[in-house]
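The values are calculated or read from the model by the stated rules, or taken from the named source; none is laboratory data. As the structure is a computational prediction, the values presented were derived from the model and not from experiment. Neighbour counts are summed over all protein chains in view; Cβ atoms, including those assigned to glycine, are modelled from backbone coordinates with ideal geometry.
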Amino acid sequence: MMNLKRCVAATSITMLSLTAAPILAADAPATKDLKDFSCKEIMIQSGSDRDISIAFVHGYMLGKNKTTQYEIDKLAKITDAFLDYCLDNPGENALASFEKVYK
């Protein structure tokens, strides 16, 4: 759990970074839509790529809720719930799945 907390803290700092995130890769089309990704596409990413993608969606949800405040423990629990859900439901839409577990 401590490792996940560090990961969430580190990636939350880079939440809006446009570098390294596969969702926003330089060789990808200029316009992407978060609604186009499946759970499987997030789950097959590795290491920091997945961390950045998840942090990006956390940032999206913070913006959607019109806040910049967050609790690291809460983000870690949401991330765990999202990963568990996606493992069980790889064909589901990633953003819709994240919104289901985001509380």
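Taking region 46-72 as the range and being part of a helix (DSSP H, G or I), exposed (fewer than 12 other Cβ atoms within 10 Å of the Cβ) and modelled with pLDDT of 95 or more as the test, only LYS64 passes.
Do we have LEU24 as in contact with a Leu (Cβ under 6 Å, 6 or more places away or on another chain), farther than 12 Å from ALA94 by Cβ, surrounded by 13 or more Cβ atoms within 10 Å (Cβ to Cβ) and modelled with pLDDT under 95 here?
Details: in contact with a Leu (Cβ under 6 Å, 6 or more places away or on another chain): yes; farther than 12 Å from ALA94 by Cβ: yes; surrounded by 13 or more Cβ atoms within 10 Å (Cβ to Cβ): yes; modelled with pLDDT under 95: yes.
Yes.
Being in contact with a Cys (Cβ under 9 Å, 6 or more places away or on another chain) and of a type in the set (Lys, Arg), is that true of even one residue in region 63-75? No.
Being outside any loop (DSSP other than H, G, I, E, B) and at pLDDT below 90, is that true of even one residue in region 32-45? Yes; the residues of region 32-45 include at least one that is outside any loop (DSSP other than H, G, I, E, B) and at pLDDT below 90. One residue alone among LYS103, LYS77 is surrounded by fewer than 18 Cβ atoms within 10 Å (Cβ to Cβ), of a type in the set (Lys, Arg) and not in a loop (DSSP other than H, G, I, E, B), and that residue is LYS77.
So is ALA96 of a type in the set (A, V, I, L, M, F, W, C), modelled with pLDDT of 95 or more, assigned to a helix (DSSP H, G or I) and exposed (fewer than 15 other Cβ atoms within 10 Å of the Cβ) or not? Explain how you work it out, then say what you get.
Working: of a type in the set (A, V, I, L, M, F, W, C): yes; modelled with pLDDT of 95 or more: yes; assigned to a helix (DSSP H, G or I): yes; exposed (fewer than 15 other Cβ atoms within 10 Å of the Cβ): yes.
Here the answer is yes, as ALA96 does meet what is asked.
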